[in-house]
1. Report every pair of residues separated by at least 6 positions or lying on different chains whose Cβ atoms are under 8 Å apart, first residue within the range 29-56 and on the phi > 0 side of the Ramachandran plot, second crowded, with 22+ Cβ neighbours inside 10 Å and hydroxyl-bearing (S, T, Y).
2. So in the range 256-305, with the set limited to residues that are in contact (Cβ under 8 Å) with a residue 40 or more places away in the chain, surrounded by fewer than 24 Cβ atoms within 10 Å (Cβ to Cβ) and of a type in the set (K, R), which one is nearest to R171 (Cα to Cα)?
3. Could you grab me the full set of residues in the range 1-29 that are within 16 Å of the ligand (Cβ to nearest atom) and of a type in the set (G, A, S)?
4. Can you pull out the residues in the range 172-188 that are outside any strand (DSSP E or B) and free of Cβ contacts under 8 Å to residues at least 40 places away in the same chain?
5. Tally the residues that are more than 15 Å from the ligand (Cβ to nearest atom) and over 17 Å from T173 (Cα atoms), restricting the search to the range 216-234.
6. Output the number of the condition that S58 fails; it satisfies all remaining conditions of (1) surrounded by fewer than 22 Cβ atoms within 10 Å (Cβ to Cβ); (2) under 16 Å from P344 (Cα atoms); (3) small (G, A, S).
7. I'm trying to understand the selection: among the residues of the range 104-141, which are free of Cβ contacts under 8 Å to residues at least 24 places away in the same chain and of a type in the set (D, E)?
8. Take the range 202-221 and flag every residue that is without any contact (Cβ under 8 Å) to a residue 12 or more places away in the chain and β-branched (V, I, T).
Amino acid sequence: MLMRGGTSKGAYFLAGDLPADPAARDGLLLRIMGSPDPRQIDGLGGAHPLTSKVAVVSASADPKADVDYLFLQVGVERPEVTDRQNCGNLLAGVGPFAVERGLVAAGDGETSVRIRMRNTGELAVATFPTPGGRVDYTGSAEISGVPGTAAAVVIEFPPGSGPLLPTGRARDTVVGTEVTCVDNGMPTVLIPARSLEVTGYEDPRDLEEDTALADRLREIRLEAGRLMGLGDVENATVPKLSLLAPPRHGGAVTTRTFIPVRCHTSIGVLGAASVAAGLLVPRGVGEGIARLPAPGDRVRVEHPTGFLEVETSVDPGSGDTPPTVRRTAVVRTARKIFDGTVFPRSAGTAPTPAQPSGDNDDSATR
Ligand code: NQM
């Protein structure tokens with residue numbers, strides 16, 4: 001099934017419909033999406049990382065979850081498939097897909113689906129309308145970056161098990177730049193835009209064309225990745241880099257987020273959740289840049305095409321007790337676009353994936 005999940009688009013599969021062997025699965029997904037090719041002309045991919053995504057869904061063996069969701073980022077120009085990051089946007093389609101495929105019985109009214117996110121091992125609960133026991137994608141919820149309105153998918157994230165500040169500090173100096181390394185579902189490096197000699201209000205395409213900026217961001221990312229315990233992140237899609245500038249439209253902060261090479265046209269869900277929590281951490285680099293909402297109010301993260309509101313609260317900790325997240329929730333929308341049979345490019349013409357994404361046990365992903 002091809003679905004829009006939030007501001008991303010991807011192919012949703014039942015796990016049982018894909019090869020169990022990760023290398024065979026990844027090779028098939030490259031051929032289905034049309035990678036490697038900057039235009040993905042021979043497959044389903046949309047020629048951008050935000051439209052070259054896959055969700056693999058199955059019934060969960062975990063009594064705390066209804067379904068398991070494995071997110072796979074399919075390279076556009078490179079023959080790579082990776083499970084090293086999660087995706088909170090495709091997550092919005094997982095509950096509806098699980099109902100459509102009969103993995104979860106829908107109630108009359110609305111349905112909540114408990115989802116174990118295999119990339120991180122964390123849980124999420126998605127609630128969406130199911131009048132008469134069928135998914136209703138229509139509704140009045142509007143999200144920035146998607147034209148029109150659709151049914152709200154409310155996603156709750158219980159507090160994660162990993163540290164909010166992976167380096168153990170609210171600020172680190174990385175290649176001469178002060179940053180805050182944070183992880184509220186997505187490893188993200190917060191960087192004041194002004195410290196990179198940009199305003200943070202530029203068009204993403206202009207930022208992508210700035211080769212000096214790209215070099216500096218790469219250096220920061222490699223070093224920050226090591227400090228965050230992610231190892232060598234040269235070929236990884238995490239950590240993300242979020243440039244911060246003062247808000248311009250009544251929100252908490254303006255962002256330009258690199259994922260990690262292309263500049264996001266909006267911002268990822270878990271990326272925004274991480275920015276929001278990072279702003280609430282005392283002594284983070286957002287101080288003096290962000291305008292924090294009143295305690296309990298949503299943190300409105302501004303981005304190139306609007307804003308993403310995150311409900312989150314942080315216990316600031318004290319002394320030796322590090323800050324922790326109490327809760328996080330977002331509203332997204334999703335839509336079924338197409339359901340049918342995909343015909344992959346033949347295996348004879350498929351490049352071999354450079355690095356299969358591993359065996360997808362949870363330890364391989366963090
Ligand atoms: O942060 C893009 C997206 C994402 C990820 C990325 C996401 C998230 O917008 O939860 O959704 O950061 O690669 O889909």
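The values are calculated or read from the model by the stated rules, or taken from the named source; none is laboratory data. Here the structure is a predicted model, which is why all the values come from computation and not from measurement. So basically every Cβ, Gly included, is an ideal-geometry build from the backbone, and we count neighbours across all protein chains shown.
1. Here the result reads Q40/S52, each pair linking the range 29-56 to a residue that is crowded, with 22+ Cβ neighbours inside 10 Å and hydroxyl-bearing (S, T, Y).
2. So, considering only residues that are in contact (Cβ under 8 Å) with a residue 40 or more places away in the chain, surrounded by fewer than 24 Cβ atoms within 10 Å (Cβ to Cβ) and of a type in the set (K, R), the one nearest to R171 (Cα to Cα) is R283.
3. Initially, the range 1-29 is screened for residues within 16 Å of the ligand (Cβ to nearest atom), giving 2-12.
Once the filter is applied, which keeps residues that are within 16 Å of the ligand (Cβ to nearest atom) and of a type in the set (G, A, S), the range 1-29 yields G5, G6, S8, G10, A11.
4. Keep residues of the range 172-188 that are outside any strand (DSSP E or B), which gives 175-176, 184-186.
Scanning the range 172-188 gives a single hit, G176.
5. Initially, the range 216-234 is screened for residues more than 15 Å from the ligand (Cβ to nearest atom), giving 216, 218-220, 222-224, 226-229, 231-232, 234.
Checking which are over 17 Å from T173 (Cα atoms) leaves us with 231-232, 234.
Result for the range 216-234: 3.
6. Checking S58 against (1) surrounded by fewer than 22 Cβ atoms within 10 Å (Cβ to Cβ); (2) under 16 Å from P344 (Cα atoms); (3) small (G, A, S), the one that fails is (2).
7. Correct list: E110, D136.
8. Listed by number, the list holds a single entry, T211.
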